[in-house]
Amino acid sequence: MNYPYNRITVKIGSNVLTRKDGTLDVTRMSALVDQVAELHKAGVEVVLVSSGAVASGRSEIKVSRKLDSVDQRQLYSAVGQAKLINRYYELFREHGIAVGQVLTTKESFGTRRHYLNQRHCMQVMLENGVIPIVNENDTISVTELMFTDNDELSGLVASMLDAQALIILSNIDGIYNGSPSEPGTSVIREVEQGKDLSDYIQVEKSGFGRGGMLTKTTIARKVADEGITVIIANGKRDNILTDLLEHPADTVCTRFVPASEAVSSVKKWIAHSEGFAKGKLHLNAQAVEALKGKKAISILPVGVTRIEGDFEKDDIVRIMDAGGNQIGVGRIGASSEEARKMQGEHGQRPLVHYDYLYLD
């Protein structure tokens with residue numbers, strides 16, 4: 001079988017891998033492994049971003065006292081991650097495929113060096129026929145430093161590894177044009193570039209997961225803007241992965257149409273690095289207008305009216321308009337001390353070069 005993609009990232013949500021009682025659904029997991037193995041053997045490189053550590057640990061231990069949500073999460077995920085990766089190891093071994101575990105945190109994407117280290121590690125695994133299984137390291141991630149959920153992590157991984165497609169498997173068929181429970185609503189099959197979906201999105205969370213549809217569409221849009229196809233589909237449907245690749249027209253899902261031009265790897269990193277910003281550059285109206293024009297331009301000190309925060313050269317900063325609204329993020333070419341000395345002056349070097357600038 002000739003598949004349309006050479007490299008894909010598949011995100012398996014906790015709702016796909018969890019039974020109603022909160023324990024791990026091994027039958028579903030096994031079925032998905034069979035499909036990934038089939039793609040792998042046909043020459044498609046697959047990176048798995050898998051939830052399910054907490055569900056995996058929940059059935060393993062009985063707690064002696066009432067734990068708060070952070071304690072619970074840390075305890076269940078520490079025990080459950082070992083069990084989860086072991087389960088994957090055994091299931092893939094039946095197909096003669098090796099897997100490797102990659103546990104990461106939001107901070108690991110915060111510097112370009114850490115980002116490239118992770119990318120290198122996963123590329124070496126793929127080159128050697130090993131399937132990376134990625135999850136957030138919940139044992140050390142505390143709330144404010146956590147990814148929104150594994151949707152955000154899968155977007156970063158797909159972008160970092162230049163995947164051609166990101167497939168997000170949830171427990172529903174895609175994005176509906178209304179509430180899925182109401183009669184007459186249907187799945188939006190294709191989302192064009194720039195289409196506004198805010199009227200359709202239900203804000204409630206989905207069962208055991210942390211992220212709702214709103215998170216999924218925000219991530220999907222950002223990744224599609226980088227030239228990667230994004231598909232949201234139902235992971236509980238039989239043969240969903242192989243069907244999506246073999247019979248795309250007949251398989252119900254929501255597909256985000258990718259931008260025709262791919263984005264450089266540095267810009268991809270910057271696009272996803274808003275959470276690591278160390279400061280803000282406030283621009284005057286003329287500078288904002290120039291940035292939003294057709295021509296790619298850098299941010300010069302003359303257009304900067306105010307600088308917030310303490311940062312080093314190469315840190316990420318938010319770019320703000322005259323009204324205080326964020327219009328993008330960029331990698332700063334000077335420390336906050338140097339930038340303040342140059343602020344408002346003509347004839348200085350750029351503070352943010354357009355190669356390192358991502359506009360929202």
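The values are calculated or read from the model by the stated rules, or taken from the named source; none is laboratory data. Only a predicted model underlies this, so the values are computations on that prediction, with no experimental measurement involved. Here Cβ is always computed from backbone atoms with ideal geometry, including for glycine, and neighbour counts include all displayed protein chains. Note: accessible area is taken over every heavy atom of the protein model, side chains too, but ligands, DNA and RNA are not part of it. Shrake-Rupley method; radii C 1.70, N 1.55, O 1.52, S 1.80 Å.
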Sticking with the crude label model, points 7 Å out along Cα→Cβ, report the distance from Glu338 to Leu214 in nm, one decimal please.
4.0 nm
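Could you grab the relative contact order for the chain? Cα pairs under 8 Å, six or more apart, rounded to a whole percent. Write out the running numbers ahead of the final one.
Working: 706 pairs, mean separation 53.2, N = 360.
Once normalised by length, the contact order is 15 percent.
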Per residue, in Å², the accessible surface of the chain once ligands and nucleic acids are set aside, probe 1.4 Å
47 Å²
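So for segment 204-329, averaging the separation of alpha carbon pairs under 8 Å that are six or more residues apart and normalising by length, what relative contact order in percent results? Write out the running numbers ahead of the final one.
Working: 153 pairs, mean separation 27.1, N = 126.
Answer for segment 204-329 is 22 percent.
Asn284 to Thr139: extension gain in nm, 0.36 nm per residue of separation minus the Cα-Cα distance?
Numbers: separation 145, 0.36 × 145 = 52.20 nm, distance 4.37 nm.
Going from the current span to full extension adds 47.8 nm.
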With Kirkwood's inverse mean 1/r over C-alpha pairs for Rh, give me the Rg to Rh ratio of segment 1-155, two decimals please.
0.97
Using a 1.4 angstrom probe on the protein heavy atoms only, could you order Glu190, Glu308, Glu152 from most to least accessible area?
Glu190, Glu308, Glu152
Contact order relative to length of segment 1-60, as percent, for alpha carbon pairs under 8 angstrom and 6 or more apart
52 percent
Using 0.36 nm per residue of separation minus the Cα-Cα distance, give me the extension gain between Ser69 and Glu182 in nm, one decimal.
37.4 nm
Using a 1.4 Å probe, how large is the accessible area of Thr242, given in Å² and rounded to the nearest 10?
10 Å²
Output the antiparallel fraction of DSSP beta bridges having both residues in the chain, as a percent to the nearest 5.
35 percent
Can you pull the one-decimal nm distance between simple spin-label points at Arg112 and Asp250, each 7 Å off the Cα toward Cβ?
4.9 nm
Per residue Cα convex hull volume in Å³ - calculated over the chain:
151 Å³
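Report the charge-dipole magnitude of the chain in Debye, nearest 20, computed about the Cα centre from +1 at each Lys and Arg Cβ and -1 at each Asp and Glu Cβ.
On the way: 42 positive and 46 negative charges, 102 e Å.
Using Cβ point charges on Lys, Arg, Asp and Glu, the chain gives about 480 debye.
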Under a point spin-label approximation (7 Å from Cα along Cα-to-Cβ), what is the Arg189-Lys294 distance to one decimal in nm?
3.6 nm
Can you send over the solvent-accessible area of Arg340, 1.4 Å probe, protein chains only, in Å² to the nearest 10?
100 Å²
Subset of Lys20/Lys278; Lys20/Lys216; Lys66/Lys268; Lys83/Lys216; Lys11/Lys195 violating a 31 Å alpha-carbon distance limit:
Lys20/Lys278; Lys66/Lys268
Segment 229-262 to segment 23-94: how many Å between their Cα centroids?
23 Å
Rolling a 1.4 angstrom probe over the protein chains, ignoring ligands and nucleic acids, what is the accessible area of His120 in square angstrom, nearest 10?
120 Å²
Angle between the Cα long axis of helix 150-160 and the longest principal axis of the chain, 0 to 90 degrees, nearest 10?
60 degrees
Residue by residue through segment 300-312, which ³J(HN,Hα) values in whole Hz follow from phi under the Karplus form 6.51 cos²θ - 1.76 cosθ + 1.60 (θ = phi - 60°), with glycine and proline marked x?
9, x, 4, x, 8, 9, 8, 10, 10, x, 10, 9, 9
Kindly express, to the nearest 10 degrees and within the range 0 to 90, the angle between helix 26-41's C-alpha long axis and the longest C-alpha principal axis of the chain.
70 degrees
Reach of Lys341 by Cα under 18 Å, taken over aspartates and glutamates that are not fewer than 8 positions away in the same chain
Glu308, Asp310, Glu312, Asp314, Asp315
